[in-house]
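Right, one structure below, let's go through it.
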Amino acid sequence: MKVAVVGAGAIGAYVGAALDRGGAEVHLIARGKHLEAMRERGVTVLSPRGDFHAKPHATADPGEIGPVDIVFLGLKAYSYADAGPLLKPLLGPGTGVVAAQNGIPWWYFYGLPGPYEGRRVEAVDPGGAVSAVIPPAHAIGCVVYSSTEIESPGVIRHVEGTRFSIGEPDGTISGRCTAFSQAMTAGGLKCPVEKNLRSDIWLKLLGNVAFNPISVLTRATMGEIAAHPGTRELVLAMMREAAEVAASLGSPPKISIERRFEGAAKVGDHKTSMLMDYEAGKPLESGTLLKAPVELARLTGVPAPNLEMVAALIDLLTRQGA
């Protein structure tokens with residue numbers, strides 16, 4: 001299997017190194033000092049499961065690679081619309097684009113039978129800008145249950161988790177998903193193919209939709225938010241609203257709100273990714289994590305006053321920083 005990793009940062013380089021270890025033909029697309037280090041020395045993964053090293057091809061130019069079987073997209077979702085020059089040389093007629101993103105994906109209603117089939121989610125695909133770059137027919141959904149960070153250029157620290165759940169938007173178990181799952185498994189990762197990946201998307205989103213924006217507004221860790229009576233109730237209220245939206249769209253989360261909350265609370269004094277991005281002056285993933293759920297609540301007629309309120313506060317905060 002020929003795989004290109006577009007955005008070979010912490011998660012992308014980790015996946016690329018694992019795929020290379022498993023025997024896939026891997027091409028990492030990155031930039032800067034991280035790219036230079038990977039070109040010279042390859043990728044070193046430091047992991048509690050065992051350290052390993054791989055040296056896949058690394059480049060800044062996708063034109064060197066040509067069409068591939070799978071593109072693993074390690075970019076933030078807000079970068080997708082501008083990724084055309086990186087993706088175009090890699091896409092063949094059957095290329096699958098595994099989008100390792102948080103929150104509601106641009107392809108959400110593609111292949112989903114019902115009253116909203118084919119509808120665009122404007123918060124994540126404004127004016128069809130993302131669909132124009134990554135047609136939904138190429139999309140393979142991916143929910144990441146893994147935490148990694150770049151310790152230094154070319155060196156990835158694997159913190160926890162090895163599961164990357166994937167699935168076709170139309171719910172079929174396709175040959176390309178099966179082949180990619182096998183390649184990931186050969187590299188030491190877990191990659192189940194799900195018929196209803198949307199339930200997994202909502203399950204992870206239940207925590208992100210609340211903890212992430214509240215952490216930015218309060219500068220608090222997940223443990224601090226969970227321990228404070230007021231923010232605890234706000235998180236639970238937001239999670240319940242998101243779960244109702246998910247259920248109205250036919251993808252109720254697989255576990256209870258209380259169990260999902262406790263799982264997130266156990267993380268303890270950990271900063272959310274959105275808070276770390278905010279402190280680093282980076283754009284926030286508010287489109288996929290918050291604006292899209294609010295848009296879907298309005299679409300389905302599910303009352304979501306707490307989601308609406310927090311989304312408004314985050315919107316104002318980001319506008320002030322613009």
Amide hydrogen neighbours beyond the local backbone of VAL97, cut-off 5 Å, H modeled: VAL71, ALA139, ILE140
Positive-pole candidate from ALA179, VAL133, SER251, dipole of the chain, charges at beta carbon: ALA179
From phi via Karplus (6.51, -1.76, 1.60), per-residue ³J(HN,Hα) for segment 160-175 in Hz, x at Gly/Pro: 6, x, 9, 9, 10, 6, 10, x, 6, x, 8, x, 7, 9, 7, x
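Sequence gap of 8 or more, or different chains, plus Cα separation below 20 Å: how many lysine pairs satisfy both in segment 198-321? Let's see the in-between values first.
Working: LYS204/LYS254; LYS204/LYS266; LYS204/LYS271; LYS204/LYS291; LYS254/LYS266; LYS271/LYS282; LYS282/LYS291.
Within segment 198-321, the lysine pair count is 7.
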Whole-Hz ³J(HN,Hα) from phi, Karplus 6.51 cos²θ - 1.76 cosθ + 1.60, for segment 150-158, glycine and proline x: 7, 6, 7, x, x, 10, 10, 9, 8
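Please tell me the relative contact order of segment 2-195 in percent, rounded to the nearest whole number, where contacts are Cα pairs under 8 Å and at least six residues apart.
Details: 431 pairs, mean separation 46.6, N = 194.
Relative contact order for segment 2-195 comes out at 24 percent.
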Calculated Rg and Dmax of segment 2-195 using C-alpha coordinates, Å: 15.9, 52
Loop-resident sites, segment 244-322, for GluC sites (Glu not before Pro), counting at most 12 other Cβ within 10 Å (DSSP): none
Whether segment 198-321 is rounded, prolate or oblate, judged on the alpha carbon gyration tensor where a/c under 1.5 counts as rounded: oblate
Karplus-derived 3J(HN,Hα), 6.51/-1.76/1.60, for each residue of segment 263-278, Hz, glycine and proline x: x, 6, 4, 5, 4, x, 7, 10, 7, 6, 5, 5, 5, 5, 5, 5
Principal-axis tilt of helix 197-218 within the chain, Cα atoms, nearest 10 degrees: 70 degrees
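Based on the alpha-carbon gyration tensor of segment 140-242 and its eigenvalue square roots a ≥ b ≥ c, which shape applies: rounded if a/c is under 1.5, prolate if not and a/b is larger than b/c, or oblate? Numbers along the way, then the final one.
Working: a/c = 3.49, a/b = 1.50, b/c = 2.33.
Cα axes put segment 140-242 in the oblate bin.
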For CYS191, residues with placed amide H under 5 Å, excluding near neighbours: PHE164
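With the contact rule set at Cα under 8 Å and sequence spacing of 6 or more, what percent relative contact order holds for segment 54-162? Intermediate results must be reported in sequence, preceding the final value.
Working: 143 pairs, mean separation 26.3, N = 109.
It rounds to 24 percent for segment 54-162.
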FRET efficiency, 1/(1 + (r/R0)^6) with R0 45 Å, evaluated for ALA186 and ARG240 via beta carbons: 0.65
Within segment 18-100, trypsin sites (Lys or Arg not before Pro) in DSSP loop having at most 14 other beta-carbon neighbours inside 10 Å: ARG31, ARG49
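Got the relative contact order for segment 198-321 handy, in percent, Cα pairs under 8 Å and 6 or more residues apart? Mind showing how you got there, number by number?
Values: 144 pairs, mean separation 43.0, N = 124.
Computed over segment 198-321, the figure is 35 percent.
We did not get these values from a lab; they are worked out from the coordinates using the rules stated. Please read all numbers here as calculations on a predicted model, not as lab measurements. We place every Cβ from the backbone using ideal geometry, glycine too, and count neighbours over all the protein chains shown.
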